[in-house]
1. With charges set only on the Cβ (+1 for Lys and Arg, -1 for Asp and Glu), what does the dipole of region 93-151 come to about its Cα centre, in debye to the nearest 20?
2. Where the accessible area of the chain is counted over protein heavy atoms with a 1.4 Å probe, how much of it, in %, is carbon and sulfur?
3. Report the FRET efficiency, 1/(1 + (r/R0)^6), for L49 and N181, where r is their Cβ-Cβ distance and R0 is 41 Å, rounded to 0.05.
4. With bins 10 Å wide starting at 0, give me the P(r) of the chain over every alpha carbon pair, in whole percents.
5. State the answer as a single residue: which of W162, G118, G91 lies farthest towards the positive end of the charge dipole of the chain, with beta carbon charges of +1 for Lys and Arg and -1 for Asp and Glu, about the Cα centre.
6. When all protein chains stay in place, what accessible area (Å², nearest 10, 1.4 Å probe) is found for L43?
7. With springs only between Cα atoms under 10 Å apart, run a GNM on the chain and tell me which of A146, A158, A192 wobbles the most.
8. Under a 1.4 Å probe, what is the accessible area of region 90-219 per residue, stated in Å²?
Amino acid sequence: MKRHSALAALALLSLHLPAARAADSFGYGKIGTGAELGVGYALNDDLDLRVGIADTFRYRQDKSLDGSSYQLKSRANPGLAASLDWRPARGSGFRLTGGLLLSGKPRDDLAFSANGAGNYTLNGNAYAASAVGPLNGKVEYRQLGAYLGAGWDFTLPAAPRWRVAADLGAQLRFGGKTTLNPAGGIAVSDLAEARQKLDHDLGGTRFRLSAGMGLSYAF
C-alpha cells in the first residue's frame, strides 16, 4: 500500500512539472519490484522504443495443497527486455507501455513442509515426512514473457536532459508446468494428482504486479 501511495503522490506532483519531451536517444534505469537498465530511441513524439536487461527481485509465497503447506520461491533469471511506450495525449507525460522479456529458464522452486503431525498430505493420503524425506518441486515457464502497464514521465526543470519515470503494471508469464521430485513411499497416483492440482493453481498464464521508479538521460 505504501508503494502504491507513493506512486500516486508522484503522479499528482508530476501534473505540476513539465512533461518529458522526446529525445533522439537516451539511457535509462529503474528499480522497484524489479530492476532494468538499458537504452531507448524516440521513434517520434508519441513513441519510444526501449531495449535493456531486466530482472524481477526475488519473492517468496506461502501456499498450501490438500492441507500441506509449501513455499514458492522465485529464482534469479535476468533477460532481454524490449518495450514500446506510447503517449496518447501529446504534451502529457502519461504513457502506456507494452513489452516482451526473453529470459533463460524462468522458474519458481517449491518446497513442502510437514504438518503438525509430521506428515505430508497428498490426494487425501497422509505420508510421514520422516519416511518420505524432502518433498520439493518446481514450476517452469516459457522463455518469452510480457509486460503491460502505464506510467508518467516528467523532466527536471533545472536539468532538462534528465527525466523521472514512475511505472505500474503487470508482468505476465506463460505455460507454467509443475514437476515434483520423486519421493520414496508416495504412491505414483498421488504424486500425479498433486502435480495436476499444482498445474491448475500455478500453471498456465500468471501475472505479478510490477511497480517502479527510474531515471533517464537524453544524449
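The values are calculated or read from the model by the stated rules, or taken from the named source; none is laboratory data. Everything quoted here is computed from the prediction, not taken from an experiment. Note: ideal-geometry Cβ built from the backbone for every residue, glycine included; neighbour counts use all protein chains shown. Only protein heavy atoms, including side chains, enter the accessible area calculation; ligands, DNA and RNA are left aside. Shrake-Rupley method; radii C 1.70, N 1.55, O 1.52, S 1.80 Å.
1. Working: 5 positive and 3 negative charges, 47 e Å.
Here region 93-151 has a charge dipole of around 220 debye.
2. It is 61 percent, rounded to a whole number.
3. Computed FRET efficiency for L49 and N181 comes out at 0.45.
4. The calculated distribution, bin by bin, is 8, 29, 24, 17, 12, 7, 2.
5. Projecting each Cα onto the dipole axis, the largest value belongs to W162.
6. 90
7. Of A146, A158, A192, the Gaussian network model singles out A158 as fluctuating most.
8. On the way: 6580 Å² over 130 residues.
Accessible area per residue, region 90-219: 51 Å².
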